[in-house]
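Let me begin by presenting the structure, written as structure tokens, before commenting on it.
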Amino acid sequence: MVAEIEELARDVRPPAGERLCPVTGPRGVEALVRVHEEVFSEDRAALGCELLARLARRPPTVAAVVAVAGDTPICAGRVEFHSGPSSPVSGVAAPSAPGEGVVSSARWSRTVPR
């Protein structure tokens, strides 16, 4: 995925009944890991440990967001910041996620400068 930041919509909103929660500590990381474990059907505890360590760096080397429907995390997105010319962006949606709109919202809510 490559795009000029200026050309991207920056006001993408989640579908009704869902909200975006920034991942800033253990609770958010736990929610993000929960989505990954549901999607990939395997233990993703190592990802959680890595994210906590990267969030603790100053400045953090990762930004992440989780989409939540009710109390259930259904989608997660993150961007990893590197010193090189590109930073990987990833997003996953649980099978229960209603559609693509929530994935787009999660991916861009914290990654596009405002």
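Some points to look at:
- Tally, over the range 1-26, of residues that are part of a helix (DSSP H, G or I) and exposed (fewer than 11 other Cβ atoms within 10 Å of the Cβ): 3
- Some residue of the range 48-56 being in contact with a Cys (Cβ under 9 Å, 6 or more places away or on another chain) and in contact (Cβ under 8 Å) with a residue 24 or more places away in the chain: no
- Residues in the range 38-49 that are part of a helix (DSSP H, G or I), modelled with pLDDT of 95 or more and over 13 Å from the mean Cα position of the chain (by Cα): A45, A46, C49.
The values are calculated or read from the model by the stated rules, or taken from the named source; none is laboratory data. Please read these numbers as outputs of a predicted model, since none were measured by experiment. Glycine also receives a Cβ, built like all others from the backbone with ideal geometry; neighbour counts cover every protein chain displayed.
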